[in-house]
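Presented below is the structure to which this report refers.
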Amino acid sequence: MSPQYPFEVFVSKEDFKFNASHFVAYRNYRERIHGHNYKVSVRLIGERIQEDGYLLDFGDVKRAVRKLCKEMNEHFICPMLSDVIEIREFELAELVNGNPNSNSNPNPNPNPHLRLLCEDKTMFIFPSSDCLKLPISHATTEELSVYLFVETLKGLNVETLKARGIRLMEVTVAEAEGQQSVFRSAVDSGVDLLDKYIPKSSGSSSSHTRASAERCQSFQVGCASCSGVSFLP
């Protein structure tokens, strides 16, 4: 512990968990789809405690993390910025009619599905509502820890943390016993942490940035800029 920041709180609860499926893919490699019982913990580090005796109330952390875990539970983790997975959204009827590449209907799909076509030509089709469409490049615990850091920070509110003298936060994501990743950063780094730490696409010619992809209707799957990769003619 740094003498500069002598106080810290660590919160890890039994229900800080979510179940999700995923696979990791990168150039010339794809693992089989499988699942994990992910666990999350949060550490906050600061310079002083307040008049209420707290660095931060444990309850604030518990509310933020439990909300995130509930939102992520029982989904497939879809890395929307992958450069080795072509991702398209379509209405199931389009597949039956033989046109799963159509994105011409401007109206919300009543039965939207995601099609993932991998570099090795393996194809997956999931109901869109079963997918976590995340602004990451790989569905690894390392990248999930950055994503969860950013979302937890939103839930706790940066200005509140700063006002209470909290300067650093650390988020740990474990996918199994003895297998975990940790991401730590200043709570007010002044940079887009996802843009800074998530690996950039190496095989795409797309100039689409992560920030603009997030603005594209929460990742309008089928947008050539959002996917930035194609394995089909």
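Against the conditions (1) at pLDDT below 95; (2) surrounded by fewer than 15 Cβ atoms within 10 Å (Cβ to Cβ); (3) part of a helix (DSSP H, G or I), Pro110 satisfies every one except (3). Of all residues being under 16 Å from the mean Cα position of the chain (by Cα) and surrounded by fewer than 16 Cβ atoms within 10 Å (Cβ to Cβ) in the stretch 167-185, which is farthest from Asn19 (Cα to Cα)? Just the residue, please. For the stretch 167-185, the residue satisfying everything is Arg184. Restricting attention to the stretch 1-27, the residues being under 15 Å from Met169 (Cβ atoms) and in a strand (DSSP E or B) number 5. The single condition among (1) assigned to a helix (DSSP H, G or I); (2) at pLDDT below 95 that Pro233 does not satisfy is (1).
When the residues of the stretch 27-55 are filtered to those that are over 13 Å from Arg167 (Cβ atoms) and of a type in the set (Gly, Ala, Ser), which remaining residue is surrounded by the most Cβ atoms within 10 Å (Cβ to Cβ)? Checked the stretch 27-55; the qualifying residue surrounded by the most Cβ atoms within 10 Å (Cβ to Cβ) is Ser41.
Results for (1) of a type in the set (Phe, Trp, Tyr); (2) more than 22 Å from Lys200 (Cβ to Cβ); (3) not in a helix (DSSP H, G or I), shown as yes or no for each residue.
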site	(1), (2), (3)
Ser129	no, yes, no
Ala139	no, no, yes
Glu142	no, no, no
Glu151	no, no, no
Thr172	no, yes, yes
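If the condition is being in contact with a helix residue (DSSP H, G or I) (Cβ under 7 Å, 6 or more places away or on another chain) and not in a helix (DSSP H, G or I), then the stretch 175-197 contributes Glu175, Gln180, Ser181, Val182, Phe183, Ser185, Val187, Asp188, Asp192. Tell me, which residue of the stretch 1-26 that is polar (S, T, N, Q) and more than 20 Å from Phe149 (Cβ to Cβ) is surrounded by the most Cβ atoms within 10 Å (Cβ to Cβ)? The residue in question is Ser21.
Of all the listed residues (Lys154, Lys200), the sole one being at pLDDT below 95, in contact with a helix residue (DSSP H, G or I) (Cβ under 9 Å, 6 or more places away or on another chain) and farther than 20 Å from Gly35 by Cβ is Lys200.
Per the listing Ala163, Ala93, Ala64, the residue uniquely of a type in the set (A, V, I, L, M), surrounded by fewer than 22 Cβ atoms within 10 Å (Cβ to Cβ), over 23 Å from the mean Cα position of the chain (by Cα) and at pLDDT 95 or above is Ala163.
For the stretch 73-86, the criterion of being in contact (Cβ under 8 Å) with a residue 24 or more places away in the chain, among the aliphatic types (A, V, I, L, M), part of a strand (DSSP E or B) and within 25 Å of Leu156 (Cα to Cα) is satisfied by at least one residue. Considering (1) closer than 14 Å to Leu81 by Cβ; (2) modelled with pLDDT of 95 or more, the lone condition that Ser225 does not fulfil carries the number (2).
The values are calculated or read from the model by the stated rules, or taken from the named source; none is laboratory data. No experiment lies behind these values; they were computed from the predicted model shown. Quick reminder, even Gly has a Cβ in these numbers, built from the backbone with ideal geometry, and neighbours come from all protein chains shown.
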